[in-house]
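The values are calculated or read from the model by the stated rules, or taken from the named source; none is laboratory data. These numbers come from a predicted model, not from an experiment. Glycine also receives a Cβ, built like all others from the backbone with ideal geometry; neighbour counts cover every protein chain displayed.
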Amino acid sequence: LSSTALAFVPIDQLQAVRLELARHHPDVLQRRSAAIALASSGEPAVRVEALSLLLADLSRSDRVAATAPDPARESARRDAVADLLLTGMVALGERAEPMVPSPDDLLMLVFGLGREPARARPERKGE
């Protein structure tokens, strides 16, 4: 995908391609750029996936950076992203909505916690 297409094609038209870039691009800055773009302006499910990829990339870099002169740098970046999620950062769009719409997704992203299916809240009509 060309840099021109990434720059000028609306994010909602290339979400699947951008997710693949966030997963597999060899350049860490390109991976993170794609993940951040989707996390801030993609569809709700895509935002959660992009945030998961971004946090995983920051955690992976943190482990690699442990041998670098400043190992706290990547850890601080991951903590900053988690802080933004916990404070309720809002996604771009036609109306204000939380970047992570589901409390369960927020727990999974920030703390790595998942709700056991047997303990899931029952669905109510209209939700």
Worksheet entry | Residues that are surrounded by fewer than 18 Cβ atoms within 10 Å (Cβ to Cβ) and either among the aliphatic types (A, V, I, L, M) or outside any loop (DSSP other than H, G, I, E, B) (or both), drawn from segment 20-39 | 20, 23, 24, 28, 29, 30, 33, 36
Practice prompt. Run residue 11 past the list (1) of a type in the set (Val, Ile, Thr); (2) under 20 Å from residue 82 (Cβ atoms); (3) surrounded by 14 or more Cβ atoms within 10 Å (Cβ to Cβ) and report the number of the one that doesn't hold.
Written response: (2)
Discussion item. Any residue that is in contact with a helix residue (DSSP H, G or I) (Cβ under 6 Å, 6 or more places away or on another chain), part of a helix (DSSP H, G or I) and in contact (Cβ under 8 Å) with a residue 60 or more places away in the chain - is there at least one of those in segment 12-19?
Written reply: no
Discussion item. Just to check your reading of the model, which residue among 95, 77, 119 is at pLDDT 70 or above and exposed (fewer than 13 other Cβ atoms within 10 Å of the Cβ)?
Written reply: 95
Worksheet item: Residues 18, 47: which one is touching a strand residue (DSSP E or B) at 6+ places or on another chain (Cβ under 9 Å) and at pLDDT 80 or above?
Response: 47
Item to complete: Go through segment 1-11 and count every residue that is farther than 26 Å from residue 59 by Cα and either assigned to a helix (DSSP H, G or I) or among the aromatic types (Phe, Trp, Tyr) (or both).
Response: 5
Discussion item. Show the residue pairs meeting these rules: Cβ distance below 9 Å; 6+ apart or different chains; first residue within segment 26-53 and under 20 Å from residue 108 (Cα atoms) and in contact (Cβ under 8 Å) with a residue 60 or more places away in the chain; second residue of a type in the set (Asp, Glu) and part of a helix (DSSP H, G or I).
Written reply: 39/49; 48/105
